Amino acid sequence: MDRYRRNFIPGGSYFFTVSLHDRQTRCLTQHIDLLRAAFRDTQRRYPFSIDAIVILPEHLHAIWTLPNGDADYPGRWRHLKGRFTRALHRAGVSIRGNTGGEGILWQPSDWEHSLRDAADRQRHVDYIHFNPVRHGHVAAAGDWPYSSFHRHVRQGLLPVDWASSGDFGEGKFGE
């Protein structure tokens with residue numbers, strides 16, 4: 001069986017899907033302030049830009065661009081996940097445990113994709129912004145509060161009425 005190989009491109013841009021172990025929880029949105037703090041701390045210690053992001057109750061999608069000469073996105077995710085998990089513990093949030101009593105918050109592996117070109121990037125940005133509609137959380141992308149969609153609207157990159165469930169369908173996004 002072939003082993004999965006991660007693609008490390010210094011200064012590269014990557015699309016990520018990161019999920020919680022318990023897909024029934026709403027932990028990410030219920031504790032959005034702790035998650036935002038974990039992101040800020042990680043960016044301060046290990047710089048990167050968040051080009052697009054959506055936080056859903058039990059998973060998130062993001063596009064990051066790393067600094068020139070740096071390809072360590074696994075280290076950044078490790079730091080961010082650990083910071084968020086420790087913050088939840090300190091806040092008294094119960095996390096489902098394994099047989100050893102340790103909390104299992106995150107799925108053991110994430111999905112990452114190196115963005116190949118501008119068209120690939122745009123497909124993934126659209127996927128990120130449409131995801132809350134796709135999952136039935138809202139009827140329009142602009143109705144979901146935990147998304148870079150709002151920043152893209154402010155920057156004039158998207159119209160405020162972009163991508164509602166009635167006029168956008170499933171779309172051709174991502175892979």
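Each reported figure results from applying straightforward, stated rules to the coordinates on display, with no laboratory input. Not measured: the values here are computed from a predicted model. Methodologically, a virtual Cβ is constructed for each residue, glycine included, from the backbone with ideal geometry; neighbour enumeration extends over all protein chains shown.
Some observations on this one:
- Close pairs (6 angstrom Cβ cut-off, 6 or more residues apart or separate chains): touching a residue at least 12 places away in the same chain (Cβ under 8 Å) and within 16 Å of D72 (Cα to Cα) in the stretch 103-122, surrounded by 10 or more Cβ atoms within 10 Å (Cβ to Cβ) and among the basic types (K, R) anywhere: L115/R121
Yes/no matrix, rows are residues, columns are (1) closer than 14 Å to E112 by Cα; (2) surrounded by 16 or more Cβ atoms within 10 Å (Cβ to Cβ):
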{"site": "G11", "(1), (2)": "no, no"}
{"site": "V18", "(1), (2)": "yes, yes"}
{"site": "T29", "(1), (2)": "no, yes"}
{"site": "D33", "(1), (2)": "no, no"}
{"site": "W77", "(1), (2)": "yes, yes"}
{"site": "G92", "(1), (2)": "no, no"}
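- If you go through the stretch 123-150 and keep only what is farther than 26 Å from D72 by Cα and free of Cβ contacts under 8 Å to residues at least 60 places away in the same chain, you end up with F130, V133, R134, G136, V138, A139, A140, A141, G142, D143, P145, H150.
- Counting the residues of the stretch 47-78 that are touching a helix residue (DSSP H, G or I) at 6+ places or on another chain (Cβ under 9 Å), in contact (Cβ under 8 Å) with a residue 40 or more places away in the chain and not in a loop (DSSP other than H, G, I, E, B) gives 13.
- Filter result (touching a helix residue (DSSP H, G or I) at 6+ places or on another chain (Cβ under 9 Å), among the hydrophobic types (A, V, I, L, M, F, W, C) and in a strand (DSSP E or B)) within the stretch 106-147: W106, A140
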